[in-house]
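First the structure, in the form of structure tokens, and then the observations on it.
The values are calculated or read from the model by the stated rules, or taken from the named source; none is laboratory data. None of the values given here were measured: they were computed from a predicted structure. A quick note on method: Cβ atoms are made from the backbone with ideal geometry, for glycine too, and the neighbour counts reach across all protein chains shown.
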Amino acid sequence: MSSLSEANIHFAIDLFQQIRQSKKENIFYSPFSMTSALAMTSLGAQGQTASEIEKVLHFNEITENTNGGGSRDPVEKLENVHHQFQNLLTEIKKPSDAYELKVANRLYGEKSIVFLQEYIDNVKKFYLASVESADFVHAAEESRNMINSWVESQTNEKVKDLFPKDSFSTDTILVLVNAMYFKGQWLQEFKKENTVEEKFWLNKDTSKSVQMMKQTNLFNFTSLEDMHVRILEIPYKGKELSMVVLLPDEVDGLQKVEDQLTAEKLIEWTSPQNMREGLVDLHLPRFRVEESYDLNDPLKALGMVAAFSDRDADFSGMTEIRGLVVSKVVHKSVVEVNEEGTEATGATGIEIITRSGRIPDTFHCDHPFLFFIKHNKTNTILFYGRVSSPEM
């Protein structure tokens, strides 16, 4: 594996395979947001704790990072993956007139605890994160409100109450937060007068009425006959970001696609050499998905175990205080898709405590489909989701 964006795609699919077990109809999250928050955590982790987080994020597979395990020189470790992350964040955060994309990282540390200056410096350097102090010991609820209102301000007031009531206690030492916000207009907008009420099939027997947007235009498109799935790229204004939609041929074909989906396949299927530009008659429902996830169990299932363990967690790269453990990893995200474009947000918080021809191809999204929003230049998946039952 050569790049951070590839590692991010692997993590995105690993996580999807965990989240889909929850039997939720619609899914939406930001793998990039989660990676940012977990990577800031790994920066202060040592030994097994660090190597497990790196494995879950697939950082250990990046070619510049071949010495393996938690035993390698921490300076060398920093020079590699975290330096790549700094470059990636800088690229993604470049201002654009075509869309709005905010990525913000912040650490809130208990004010009575002394954090190692090296950790604070590295978090600022590599993750462009500010470090704030909070009074979890004497004012846990006020601290929660302060953190939630910062997340709200960074996500255009879309992500509210990232940390629910009583999230923090006198044991809370450090809260790492990443917030993302994206608002983009389609390169070719859907005309509102073409939007009509149509059926969306939840399965072969059941349908619901949705507002179906329509346009016929040139799009990058591919059809995978063996997988019985078609893939379409819908660019946003400026062409720096795109939504990619994976639509099974059959109404009930999504489970088969999901069962066989791997990062390698997704990278291959959506590679430029596999997509061709063609005239496509596109039907896409208006939809809105808002989801919250407690990621402790999915992350443990993927192999991040020591960080949550009173016995095994080692965050001695953050502070000289012993006994720090991760108590919770939460994520909340929202996406809205309409005729003009897409608005999407994601926020992740980690708390650490002591303890063709010219006949158009048809691409009618009138049954469950997968989609992701990517930053094209770096091929980074910013948001990933599934629409099984569109709501608006």
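Taking the range 269-318 as the region of interest, how many residues are buried (at least 16 other Cβ atoms within 10 Å of the Cβ) and part of a loop (DSSP other than H, G, I, E, B)?
So the answer is 12.
Condition first: of a type outside the set (D, E, K, R) and farther than 11 Å from residue 381 by Cβ. Now tell me which residues in the range 8-25 satisfy that.
Filtering the range 8-25 down to residues of a type outside the set (D, E, K, R) leaves 8-13, 15-19, 21-22.
Across the range 8-25, the qualifying residues are 17, 18, 19, 21, 22.
Just to check your reading of the model, which residue among 215, 185 is within 26 Å of the chain's Cα centre (by Cα), of a type outside the set (Asp, Glu) and modelled with pLDDT of 90 or more? Lay out the reasoning, then the answer.
On the way: 215 fails: within 26 Å of the chain's Cα centre (by Cα).
After applying the criteria, what remains is 185.
So, in the range 256-295, how many residues would count as being touching an Asp or Glu at 6+ places or on another chain (Cβ under 9 Å), closer than 15 Å to residue 372 by Cα and of a type in the set (A, V, I, L, M)?
The qualifying residues number 3.
Give the residues of the range 10-26 that are within 11 Å of the chain's Cα centre (by Cα) and either closer than 29 Å to residue 201 by Cβ or not assigned by TED's automatic domain parsing to the domain that holds residue 159 (or both), sorted by residue number. Let's see the steps before the verdict.
As a first pass, look at the range 10-26 and keep what is within 11 Å of the chain's Cα centre (by Cα): 11-13, 15-16.
12, 13, 15, 16, listed by residue number.
Please pick out the residue among 209, 143, 167 that is assigned by TED's automatic domain parsing to the domain that holds residue 30 and either in a loop (DSSP other than H, G, I, E, B) or exposed (fewer than 15 other Cβ atoms within 10 Å of the Cβ) (or both).
Numbers: 209 fails: assigned by TED's automatic domain parsing to the domain that holds residue 30; 143 fails: either in a loop (DSSP other than H, G, I, E, B) or exposed (fewer than 15 other Cβ atoms within 10 Å of the Cβ) (or both).
On inspection, the qualifying residue turns out to be 167.
Applying the selection to the range 16-32, what residues are assigned to a helix (DSSP H, G or I) and either in contact with a His (Cβ under 7 Å, 6 or more places away or on another chain) or surrounded by fewer than 24 Cβ atoms within 10 Å (Cβ to Cβ) (or both)?
Residues satisfying the conditions are 16, 17, 18, 19, 20, 21, 22.
Rundown of residues vs (1) farther than 18 Å from residue 12 by Cβ; (2) of a type in the set (A, V, I, L, M, F, W, C); (3) assigned by TED's automatic domain parsing to the domain that holds residue 380; (4) modelled with pLDDT under 95, yes/no style:
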| site | (1), (2), (3), (4) |
| --- | --- |
| 301 | no, yes, no, no |
| 315 | yes, yes, no, yes |
| 331 | no, no, no, yes |
| 335 | no, yes, no, yes |
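Go through the range 376-392 and report how many residues are surrounded by fewer than 23 Cβ atoms within 10 Å (Cβ to Cβ) and not in a strand (DSSP E or B).
Number of matching residues: 8.
Which numbered condition in (1) crowded, with 17+ Cβ neighbours inside 10 Å; (2) at pLDDT below 90; (3) of a type in the set (A, V, I, L, M, F, W, C) is the only one that residue 98 fails?
(1)
From the list 321, 373, 359, 350, pick out the single residue that is farther than 19 Å from residue 47 by Cα, of a type in the set (A, V, I, L, M) and not in a strand (DSSP E or B).
Numbers: 321 fails: farther than 19 Å from residue 47 by Cα; 373 fails: not in a strand (DSSP E or B); 350 fails: not in a strand (DSSP E or B).
Just a single option satisfies the conditions, and that option is 359.
Look at the range 182-206 and say how many of its residues are acidic (Asp, Glu) and either assigned to a helix (DSSP H, G or I) or at positive phi (or both). Full working, then the answer.
Going residue by residue through the range 182-206, those that are acidic (Asp, Glu) are 189, 193, 197-198, 205.
So of that shortlist, the ones also either assigned to a helix (DSSP H, G or I) or at positive phi (or both) come out as 193.
Residues meeting the conditions: 1.
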